[in-house]
Amino acid sequence: MTYTKESLRIVFFGTPDFAVESLSRLVEGGYNIVGVVTMPDKEAGRGHKLLQSPVKQYALEHGLKLLQPERLKNPQFIEELRALNADLQIVIAFRMLPEAVWAMPPLGTFNLHASLLPKYRGAAPINWAVINGETETGVTTFFLKHEIDTGDIIQQRKIAIADDDNVGIVHDKLMVMGADMVIETVDAIIAGTVKPVPQEQLCNAGTEPTPAPKIFKETCRIDWNRPARDVRNLVRGLSPYPAAWTEITDAAGTVHTAKVFETALASDITATCHRPGEIWNDGTGRLLAMCSDGAVEIKQLQLAGKKRMPAADFLRGFHLK
């Protein structure tokens, strides 16, 4: 069967802003989006107000057919999805799909993943690439199959990670690059030029699969017994969200939780009387923290219940122990 972008029936799955960029490009490009699937609304804040996902907001603004299943195996949802008669499904930043869903359309279901698969399979690929000090990452489109993030690769594109990039910067670059590649992938499927590459070929060629598990609160806690560069990479890989955190003790002995958004290597401090985990003001307006092999300068932080601020402003109102 011959398809055009106007006749190819596409169902789009996604939730956050990262997915909206691709959805908007498809809609504005004239592709035939016959349905959008996103997460159910979530309660947020003290008032338990229902919060709509960015993908839902976009779908409503543009009059797109919207589905919000609680369970993806629900027979009613499966029937509603089947009734859309999709030729192709696209998944970006969504939960794992059951086979009854991803195997439904005749042209398959492809996913946009924010890493160079098979590296960084999992829920948080951008975070872990920065946390691990990678100097490059990228985006991959691949056809879904049973095991998560293991399907045959359609396209890949690389991008450099600068030494001062945090995860927010890398996220935004990949979001735009990924949207470009989603369009290219759909066009290649329409043209019939797709030649998927099994990930096993890349693994056999020496590219080792690496995990990118979900980020939890304890993942974000700074371990000051690590080398200074590892600490800095952790902060970069979690900034601006969800943010690395530590505890700081004031002059009265009260322990405060603080999020740390930006650090720099303090290469002038190699051997001091400070132990890993000690945080001090060096008298020049710098807020320093000792790691296992040296120190980092904390440049941006936020105490619980307070605003994010530069370290110099923090030190004017906070007296360290």
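Taken together, the values in this text are just the output of simple stated rules run on the coordinates, not laboratory data. Everything numeric in this text was worked out from a predicted model, so none of it was measured. In this analysis, Cβ positions are derived from the backbone assuming ideal geometry, glycine residues included, and neighbour counts consider all displayed protein chains.
Side notes on the structure shown:
- Where Rh is the Kirkwood radius over Cα pairs, Rg/Rh for the chain: 1.05
- Computed from backbone phi, the HN-Hα couplings of region 96-102 come to 5, 8, x, 4, 4, 8, 6 Hz, rounded to whole numbers (Karplus: 6.51 cos²θ - 1.76 cosθ + 1.60, θ = phi - 60°; Gly and Pro given as x).
- Ignoring the sites themselves, the chain has its longest run without GluC sites (Glu not before Pro) in a DSSP loop having at most 14 other Cβ atoms within 10 Å at 148-321.
- Average Cα contact separation per residue, region 1-75, under 8 Å, 6 or more apart, as relative contact order %: 31 percent
- Listed by chain and number, the aspartates and glutamates whose alpha-carbon sits under 19 Å from that of K306, ignoring those within fewer than 8 places in the same chain, are E247, D250, E262.
- 3J(HN,Hα) along region 48-56, derived from phi through the Karplus expression 6.51 cos²θ - 1.76 cosθ + 1.60 where θ = phi - 60°, amounts to 6, 5, 6, 9, 8, 5, x, 5, 5 Hz, with x in place of Gly and Pro.
- Length-normalised contact order for the chain - Cα pairs under 8 Å, 6+ apart - percent: 13 percent
- Pairs spanning more than 29 Å between alpha-carbon atoms, out of K214/K259; K158/K307; K214/K321; K42/K299; K56/K145: K158/K307; K214/K321; K42/K299.
- Region 147-231 pair-distance distribution - Cα-Cα, 10 Å bins, rounded %: 12, 29, 37, 17, 5, 0
- Choice from G283, G294, G178 showing the highest fluctuation, given a GNM over the chain with Cα pairs closer than 10 Å: G283
- Angle in degrees between helix 228-238 and the longest Cα principal axis of the chain, rounded to the nearest 10: 40 degrees
- Loop-located chymotrypsin sites (Phe, Trp or Tyr not before Pro) in region 199-269 whose Cβ has at most 12 other Cβ within 10 Å (DSSP): F216
- Scanning residues 5 or more positions from V37 or on other chains, those with amide H under 5 Å from its amide H are F12, F13, G14, L67, with H placed 1.01 Å from N in the peptide plane.
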